[in-house]
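Below: one structure, written as structure tokens.
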């Protein structure tokens, strides 16, 4: 035993470093330095330990130990970087999005403390190994204490059993999860995945879980019909609830704009009069719309997009990559085409067609055509995605984004055809992080009366004495983000002028909303001066422009919901109307169907029409595994991470009721996704 301990000195040092590295790293993911369910972590350590102990050659043992530790350090540094950039923990579905992730990467902004300490430990460990091997004599000829044959057999069997357990545990967990009610997550999911099992163990677990285990039981899909439609003689209670504004937009055009990384703080950075001068078109829209001033999103772009277009997301996988060819008769584009067969239903985005696999998934959702950046180039739009400073071969642009103003200027006629009714879905791009200074923001694309300033948007800010250049890095990031918002404002001006010129404003409903906050560079946390466990961080803009709706809403609620927004068009003051109940991206489809008078089945959508009184939704984020409302954030009701000041037992009861309903819907929706239910079962039109 003494000889074994002495010959495995490197192994003991590796073990201590591995444990320290894991506990140290999770501290950078908003966790405490303790793993609450360490079984899988211990399995991983045990497998590695037995492998090392079985190697009798000291040099080989040392090299393998170094490899194990370097791999762990790389995993921990990489996933801490991922968490600090967008708050996500690793799951298997991310592998299908790896090219898209690299495509949006502008800078490898690693945590300096975490990275420097782990790299230093790795260097010291490798240095010790070199010294240890030299001291214990020459290269691979150095022999350690050999295990006797019985011990070799025992060690080999032990290693095999432990390795099998590493595979079996995720599979068994998947089987158990497929049989468990989703509602259990509300009470049993107390911590984040990293707090539960650590970073490295989670990475290995997810690899086996994603490839070998399914957490959705699709053995009995016949019950889905009963859940969706109920008794064929009494189905009214299964329909989406409608409001007093039901059908007010019937027959109109529909424009949906999902604004990349849309946040409130640039619109409140200065007084209202100054903001109205900086962002006249956003001000104008807000002053003529219903503003959802309690709208939240805690999602990544693809999740927010699917919430708005389909009304839900799939658990543990991604719709765009895992189910792109499913049948989606309940998706908004298909629903709109069903109601208006002659309409043009198109999507636009200044990014590659394959990004998030949209060229495939958008067909299934019902879009007639997807105008990606490759298609927009034919109309004169500059493709900064595959050119300029970027590495076009891999889609890595480093800094630039094709501007929203340019896309709108050249694509406006395609977006809003004059000869037919249309539903246009536009994903903006200017405001996509990160927010280092950008060359193409140094000039204007469109002469809107503000483009005579040298230095483009930056020059305009300097002339206005707003968002100044600073010695503080975060202030400069805010400056660039504010400039990208200005570019979007210019794009809105082009759109508004075109619709007004062609008498389309009265006949068009426009929904403008953010996909998420500015989590890049942790900018929201800095600008709002709050931490990640505060739901206010995820409150973002959303507004609904419809002239008939605006009038009807005012007639019902009057001045009590009115808010003055100062405008600078002939010094007019706009009057925005507000809706202050909690709303989120899953509410958008039910709301639009309500306004357009299109019936839908309630259990196919996680949200509700925002205009149905006394009904609120919740967020249960697929990407982040967390519950969010305006009043709380939690992994489960047993671990309330945040509650607002004045939180009451009634608030908690309301949340639990809404969450249980949400999770039950999600359970059936997962069955629909995994089984491609509507490829075999007819969708019953309401």
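The values are calculated or read from the model by the stated rules, or taken from the named source; none is laboratory data. Please read these numbers as outputs of a predicted model, since none were measured by experiment. Quick reminder, even Gly has a Cβ in these numbers, built from the backbone with ideal geometry, and neighbours come from all protein chains shown.
Look at (1) part of a loop (DSSP other than H, G, I, E, B); (2) surrounded by 14 or more Cβ atoms within 10 Å (Cβ to Cβ); (3) over 24 Å from the mean Cα position of the chain (by Cα) and you find that residue 244 fails only one, number (2).
Examine segment 655-663 for a residue that is assigned by TED's automatic domain parsing to the domain that holds residue 513 and not in a helix (DSSP H, G or I), and state whether such a residue exists. Checking segment 655-663: not a single residue is assigned by TED's automatic domain parsing to the domain that holds residue 513 and not in a helix (DSSP H, G or I). For segment 286-319, the set of residues classified as out of contact with any strand residue (DSSP E or B) (no Cβ under 8 Å at 6 or more places or on another chain), buried (at least 24 other Cβ atoms within 10 Å of the Cβ) and either outside the structural domain of residue 351 (by TED's automatic domain parsing) or more than 20 Å from residue 431 (Cα to Cα) (or both) consists of 310, 311, 312, 313, 318, 319, listed by residue number. Filtered by the rule that a residue be in a loop (DSSP other than H, G, I, E, B) and buried (at least 22 other Cβ atoms within 10 Å of the Cβ), segment 415-431 gives 428, 429, 430, 431.
Okay, residues lined up against (1) touching a helix residue (DSSP H, G or I) at 6+ places or on another chain (Cβ under 9 Å); (2) over 29 Å from residue 182 (Cα atoms):
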{"residue": "316", "(1), (2)": "yes, no"}
{"residue": "330", "(1), (2)": "yes, no"}
{"residue": "334", "(1), (2)": "yes, no"}
{"residue": "342", "(1), (2)": "no, yes"}
{"residue": "353", "(1), (2)": "yes, yes"}
{"residue": "362", "(1), (2)": "yes, no"}
{"residue": "381", "(1), (2)": "yes, yes"}
{"residue": "384", "(1), (2)": "yes, yes"}
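Per the listing 80, 50, 73, the residue uniquely touching a residue at least 40 places away in the same chain (Cβ under 8 Å) and more than 32 Å from the chain's Cα centre (by Cα) is 50. Among the residues of segment 276-292, those that are over 14 Å from residue 545 (Cα atoms) and out of contact with any helix residue (DSSP H, G or I) (no Cβ under 6 Å at 6 or more places or on another chain) comprise 277, 278, 280. Is it the case that some residue within segment 451-466 is at pLDDT 95 or above, buried (at least 17 other Cβ atoms within 10 Å of the Cβ), under 30 Å from residue 251 (Cα atoms) and in the same structural domain as residue 279 (by TED's automatic domain parsing)? Looking for residues that are at pLDDT 95 or above, buried (at least 17 other Cβ atoms within 10 Å of the Cβ), under 30 Å from residue 251 (Cα atoms) and in the same structural domain as residue 279 (by TED's automatic domain parsing), one finds none in segment 451-466, hence no. Could you say whether any residue in segment 163-183 is surrounded by fewer than 15 Cβ atoms within 10 Å (Cβ to Cβ), under 23 Å from residue 586 (Cβ atoms), touching a strand residue (DSSP E or B) at 6+ places or on another chain (Cβ under 9 Å) and touching a residue at least 60 places away in the same chain (Cβ under 8 Å)? No - not one qualifying residue is present in segment 163-183. Of the helices (runs of 4 or more DSSP H) lying entirely inside segment 28-146, those containing at least 1 residues that are surrounded by fewer than 16 Cβ atoms within 10 Å (Cβ to Cβ) and modelled with pLDDT of 90 or more span 39-54, 58-86, 112-135. Scanning segment 247-267 for residues that are touching a strand residue (DSSP E or B) at 6+ places or on another chain (Cβ under 6 Å) and either under 18 Å from residue 607 (Cβ atoms) or assigned to a loop (DSSP other than H, G, I, E, B) (or both) yields 249, 252, 254, 256, 258, 262. Would a scan of segment 481-501 turn up a residue that is in contact with a strand residue (DSSP E or B) (Cβ under 8 Å, 6 or more places away or on another chain), in contact (Cβ under 8 Å) with a residue 12 or more places away in the chain, part of a loop (DSSP other than H, G, I, E, B) and surrounded by 15 or more Cβ atoms within 10 Å (Cβ to Cβ)? Checking segment 481-501: not a single residue is in contact with a strand residue (DSSP E or B) (Cβ under 8 Å, 6 or more places away or on another chain), in contact (Cβ under 8 Å) with a residue 12 or more places away in the chain, part of a loop (DSSP other than H, G, I, E, B) and surrounded by 15 or more Cβ atoms within 10 Å (Cβ to Cβ). Return a yes/no flag: does segment 261-274 have any residue that is surrounded by 24 or more Cβ atoms within 10 Å (Cβ to Cβ), on the phi > 0 side of the Ramachandran plot, in contact (Cβ under 8 Å) with a residue 12 or more places away in the chain and within 14 Å of the chain's Cα centre (by Cα). Yes, because at least one residue in segment 261-274 is surrounded by 24 or more Cβ atoms within 10 Å (Cβ to Cβ), on the phi > 0 side of the Ramachandran plot, in contact (Cβ under 8 Å) with a residue 12 or more places away in the chain and within 14 Å of the chain's Cα centre (by Cα).
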